[in-house]
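Below you'll find the structure, written out as structure tokens, and then a few comments.
The values are calculated or read from the model by the stated rules, or taken from the named source; none is laboratory data. Everything quoted here is computed from the prediction, not taken from an experiment. For neighbour counting, all protein chains shown are included, and Cβ atoms are generated from backbone atoms with ideal geometry for every residue, glycine included.
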């Protein structure tokens, strides 16, 4: 079994079943299961935690509260202004969904749904819709497109800049999608590569393989910790960039 | 490996559906109550702080009022004390002056009395001396005048009187 098969096994989605609805094929896969687990956690555990009054659950409640308040005070309000309060639900959900999906990738037998281009594209598409929705709602359809090109640009540049800005809209979402996907996939690939080192060196001689093993395991542990950090970081980055883009669409300057 | 970079439409659909549903449901079930609780707490904190600040401002106002009143009272006490001291000084001066005056009067009157008594005593003495000398002279005169001389004197006086008053002249 080569490295390629191992990587494919661990990183690429496992489709267990497909059912067709009209012309479209809907797969039932491991990443969908992870999405379901994350949704279940969000739908069942979070409301219970937030509504519970028990002292034992207070720390978890506080953690959720601190994160939501951070998203409100540091991410949403500075970028979207005070009208952004209405979007806190969206940003909080986005953050916690990405975070839980990221963390599920670190659980044994779990998989990173956010390491699937389809999932990140889906999230980026909703962000794309949100950016345009918020911008149009704030400035009106005409105003929104009129303000796409920054102020102070000579009129003769408009025909050139307008298409560029339109492409920019798409690029923002596309960058979000690729960034999350690449970050989540990279950690897994690095971990798998480190583990594969043991067997690559082991194929030279068993002794070398055993000698390399502690180094590899140490590096894997380090990378796992890094991935844990990246799980939080990328969730934050995704939410933060979404807020910046939405804010820029709402208040053009 | 191409599967890695070939997004599956079905999963994308599930993701979007899932996410939108989550946003809608969680806004109702999780973030709504959370933000409500947070806002209530923030309002309570703001209210508490406001109350505390007003109470402190009140206390400071009262304190400054008390201080000004205290300083006023101190100033008043000082002025009253000064006044009292000045008036006492004046009173003392007046009393001393009066005492001095009355002492002078007493001294004057007693001196006058002494003078008068002295004069009286001198007059008395002189009278007594005069009387005594007259009496002593009388006695001496009585002793020196003898009967003959008396009759000569008497007849001489009678002759003088008869000359003066002829109507009384006795015929002898």
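Tabulated data
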| item | result |
| --- | --- |
| Yes/no for residue A:58 being within 11 Å of chain B (Cβ to nearest Cβ) and more than 30 Å from residue B:4 (Cβ to Cβ) | no |
| Qualifying residue in region A:28-38 (condition: within 10 Å of another protein chain (Cβ to nearest Cβ), in contact with a strand residue (DSSP E or B) (Cβ under 6 Å, 6 or more places away or on another chain) and at pLDDT below 90) | yes |
| Those residues of region A:61-70 which are within 10 Å of chain B (Cβ to nearest Cβ) and under 22 Å from the mean Cα position of the chain (by Cα), in sequence order | A:64, A:65, A:68, A:69 |
| Yes/no for residue A:146 being surrounded by fewer than 18 Cβ atoms within 10 Å (Cβ to Cβ) and closer than 29 Å to residue A:229 by Cα | no |
| Region A:59-77 - residue that is surrounded by 13 or more Cβ atoms within 10 Å (Cβ to Cβ) and out of contact with any helix residue (DSSP H, G or I) (no Cβ under 8 Å at 6 or more places or on another chain) and, of those, nearest to residue B:42 (Cα to Cα) | A:70 |
| So residue A:53, is it within 9 Å of chain B (Cβ to nearest Cβ) and at pLDDT below 90 | no |
| Looking only at region A:93-111, and only at residues there that are more than 11 Å from residue A:235 (Cβ to Cβ) and in contact with a helix residue (DSSP H, G or I) (Cβ under 7 Å, 6 or more places away or on another chain), the one that is nearest to the other protein chains (Cβ to nearest Cβ) | A:93 |
| Residues being more than 8 Å from every other protein chain (Cβ to nearest Cβ) and either within 21 Å of residue A:113 (Cα to Cα) or in contact (Cβ under 8 Å) with a residue 12 or more places away in the chain (or both) - total across region A:16-27 | 3 |
| Qualifying residue in region B:37-60 (condition: part of a helix (DSSP H, G or I), touching a helix residue (DSSP H, G or I) at 6+ places or on another chain (Cβ under 7 Å) and closer than 30 Å to residue A:65 by Cα) | yes |
| Residues satisfying the stated conditions in region B:10-44, i.e. exposed (fewer than 14 other Cβ atoms within 10 Å of the Cβ) and within 13 Å of chain A (Cβ to nearest Cβ) | B:17, B:21, B:24, B:28, B:33, B:36, B:39, B:40, B:41, B:42 |
| Scope region A:113-142; condition within 11 Å of the chain's Cα centre (by Cα) and away from chain B (no Cβ under 14 Å); matching residues | none |
| Selected residue (only one of A:202, A:187, A:209 is part of a helix (DSSP H, G or I), under 30 Å from residue A:73 (Cβ atoms) and modelled with pLDDT under 90) | A:187 |
